[in-house]
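To keep things clear, I will list the structure first and then write my remarks on it.
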Amino acid sequence: MKEATVLEVLPRDLGPYKAGNTGIPYVHRFDSGKPGPHVMVNALTHGNEFCGMVAACHLLDTQVRPLQGMLTVSFANVAAYESFDPARPFESRQITHNFNRIWSSDWLDGAEDSVELRRAREMRPAIAAADHILDLHSTAQDVEPFWAYPNHPRNQRVAGALAQPLVHLVMPKGLGSGCPIIEHGRHGQPGEASISALVAECGQHFLQSSADLALRITLDYLAHFGMIQRVLPAPAAARRYELLETHVVQTSEFRFERPLKGFEEFARGELIAVDGDRQIVAPCDACTVFMPTRDAIVGREAVYLTRPL
């Protein structure tokens, strides 16, 4: 039996932020008038991940303005966010499509339609324009926060310069189940050193501690790029994991061999889950589980398998 979900953070009305100032609803851009990077802080890629909403609202409510370059603050899947029901708090992640898997040209330029695809096409110019993207997320389970990013040196430099989170999930071959925001366009290509794109997984969706951490990460991130004045704490040694396999639920019979929360380790060949006739086993020793699904839904991610670096 699943434990009752504690809702310490709840949605607030985003109506005052809808107009934005870019011609794209819920997208706000502030230009310092001075040379510098274009930094984007994006919230609500998933509708029930409230920590990013708290951080983005803080930036707008306190009128944070960049000392150099440009700052964009955005709320992404607001439609899913507005569908939130406290009685079913995990169901407002998306309406139809996972907003964070559709950022390839095949999806964005394709014929299929949905709330998420329309919103992604609307936001596409804003995402493409940003040099540095901080995409704020949270997790279904209460696990240690972590960075996630494509394994480019430019991303490692930015994540490594910041004190939190201390866990890094690096993706040498991408996410493996679609194209996320941080791999859209030039951010998915190797080579260019003057850009970066990171996901910060800040803790469990509805905890105040996740919202507090999202705000600290955001302010440190902006200070790193010289957008605001803030004393940055010294970074500590990080624990790094490499994404090896991404498994998507194939059948309604999917089940884990034992209950998982995240960060559990398995020995090579040890059974992790079964999905119909398919067995998911650990591909290496010390195989570490990231983000095991809370509810197995066909077509959605089941589990990410990693190894420590």
Problem - Set 240, 216: member being modelled with pLDDT of 95 or more, basic (Lys, Arg), within 30 Å of residue 31 (Cα to Cα) and not in a loop (DSSP other than H, G, I, E, B) - result: 216
Completion exercise
Listed by first then second residue, the pairs whose first member lies in segment 43-55 and is at negative phi, whose partner is in a helix (DSSP H, G or I) and not aliphatic (A, V, I, L, M), with beta carbons under 7 Å and at least 6 positions apart or on separate chains, are 43/52; 47/81; 51/210; 55/218
Completion exercise
From the option list 84, 90, single residue qualifying as under 17 Å from the mean Cα position of the chain (by Cα) and touching a residue at least 24 places away in the same chain (Cβ under 8 Å) is 90
Practice task
Any residue in segment 146-169 that's within 17 Å of residue 213 (Cα to Cα): show its pairings with residues that are modelled with pLDDT of 95 or more and acidic (Asp, Glu) at Cβ separation under 6 Å, as long as the two are six or more apart or on different chains.
Solution key: 146/201; 162/220; 167/144
Fill in the blank from the handout: Condition set free of Cβ contacts under 8 Å to residues at least 60 places away in the same chain and of a type in the set (Asp, Glu), scope segment 1-41, selection nearest to residue 77 (Cα to Cα): answer is 13
Practice task
For segment 77-118, name all the residues that are open to solvent by 20 Å² or more (accessible area, probe 1.4 Å) and of a type in the set (A, V, I, L, M).
Solution key: 79, 87, 95, 111, 115
Problem - segment 290-309, subset buried (at least 21 other Cβ atoms within 10 Å of the Cβ) and without any contact (Cβ under 8 Å) to a residue 60 or more places away in the chain, residue nearest to residue 167 (Cα to Cα) - result: 303
Completion exercise
Counted residues in segment 210-236 being open to solvent by 60 Å² or more (accessible area, probe 1.4 Å), among the aliphatic types (A, V, I, L, M) and without any contact (Cβ under 8 Å) to a residue 12 or more places away in the chain come to 1
Problem - The listed residue being farther than 23 Å from residue 204 by Cβ, of a type in the set (Phe, Trp, Tyr) and out of contact with any Asp or Glu (no Cβ under 6 Å at 6 or more places or on another chain), out of 256, 225 - result: 225
Handout entry: Complete set of residues in segment 130-148 that are open to solvent by less than 40 Å² (accessible area, probe 1.4 Å) and either among the aliphatic types (A, V, I, L, M) or out of contact with any Ser or Thr (no Cβ under 9 Å at 6 or more places or on another chain) (or both)
Key = 130, 133, 134, 136, 140, 143, 147, 148
Problem - Options 22, 5, 45; residue that is in contact with a His (Cβ under 9 Å, 6 or more places away or on another chain), part of a loop (DSSP other than H, G, I, E, B) and modelled with pLDDT under 95 - result: 5
Handout entry: Members of segment 71-90 found to be of a type outside the set (A, V, I, L, M) and part of a helix (DSSP H, G or I), listed by number
Key = 81, 82
Handout entry: Qualifying position, being exposed (fewer than 15 other Cβ atoms within 10 Å of the Cβ) and in contact (Cβ under 8 Å) with a residue 40 or more places away in the chain, among 255, 240, 268
Key = 255
Exercise for the section: Tell me which residues, restricted to segment 133-150, are over 13 Å from residue 199 (Cβ atoms) and of a type outside the set (Asp, Glu). Expected result: 140, 141, 143
Practice task
Assess whether residue 197 counts as being within 24 Å of residue 100 (Cβ to Cβ) and either surrounded by fewer than 17 Cβ atoms within 10 Å (Cβ to Cβ) or not β-branched (Val, Ile, Thr) (or both).
Solution key: yes
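The values are calculated or read from the model by the stated rules, or taken from the named source; none is laboratory data. As the structure is a computational prediction, the values presented were derived from the model and not from experiment. Note: ideal-geometry Cβ built from the backbone for every residue, glycine included; neighbour counts use all protein chains shown. Accessible surface is based on the protein model in full, side chains and every heavy atom, while ligands, DNA and RNA are left aside. Shrake-Rupley method; radii C 1.70, N 1.55, O 1.52, S 1.80 Å.
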